[in-house]
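To start, the structure under review is shown below, and the notes come after it.
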Amino acid sequence: MTERKRRAAVLFLLACGAVCIGIGVARGELGTVFLKATNICLECIGIG
C-alpha cells in the first residue's frame, strides 16, 4: 500500500469516526455515555 493510499484511508476513517460522534451528540447520547463511564470508573476504584 502506498503512502498516499494509507493516508487517504486514515483520513477517511477519522472522518467516519467524527461523523459517528456527531450523530451521537445530536441524538443526545452524550449524557448517557458519560453517566455509564462514571459508573464504571467508580466501580473500578471501589467507591460505587
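The values are calculated or read from the model by the stated rules, or taken from the named source; none is laboratory data. Computed from a predicted model, the values in this text were never measured in an experiment. Note that we place each Cβ from the backbone using ideal geometry, even for glycine, and neighbour counts take in every protein chain shown. Please note that ligands, DNA and RNA were not included when accessible areas were found on the heavy atoms of the full protein model with its side chains. Shrake-Rupley method; radii C 1.70, N 1.55, O 1.52, S 1.80 Å.
Data for the structure
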{"quantity": "Tally, over segment 12-35, of residues that are among the charged types (D, E, K, R) and either touching a residue at least 40 places away in the same chain (Cβ under 8 Å) or open to solvent by 80 Å² or more (accessible area, probe 1.4 Å) (or both)", "calculated": "1"}
{"quantity": "Long-range neighbours under 9 Å by Cβ, at least six apart or interchain, first residue of a type in the set (Ser, Thr, Tyr) within segment 36-47, second open to solvent by 70 Å² or more (accessible area, probe 1.4 Å)", "calculated": "Thr38/Gly48"}
{"quantity": "Any hit, segment 7-27, residues being within 12 Å of the chain's Cα centre (by Cα), part of a helix (DSSP H, G or I) and aromatic (Phe, Trp, Tyr)", "calculated": "no"}
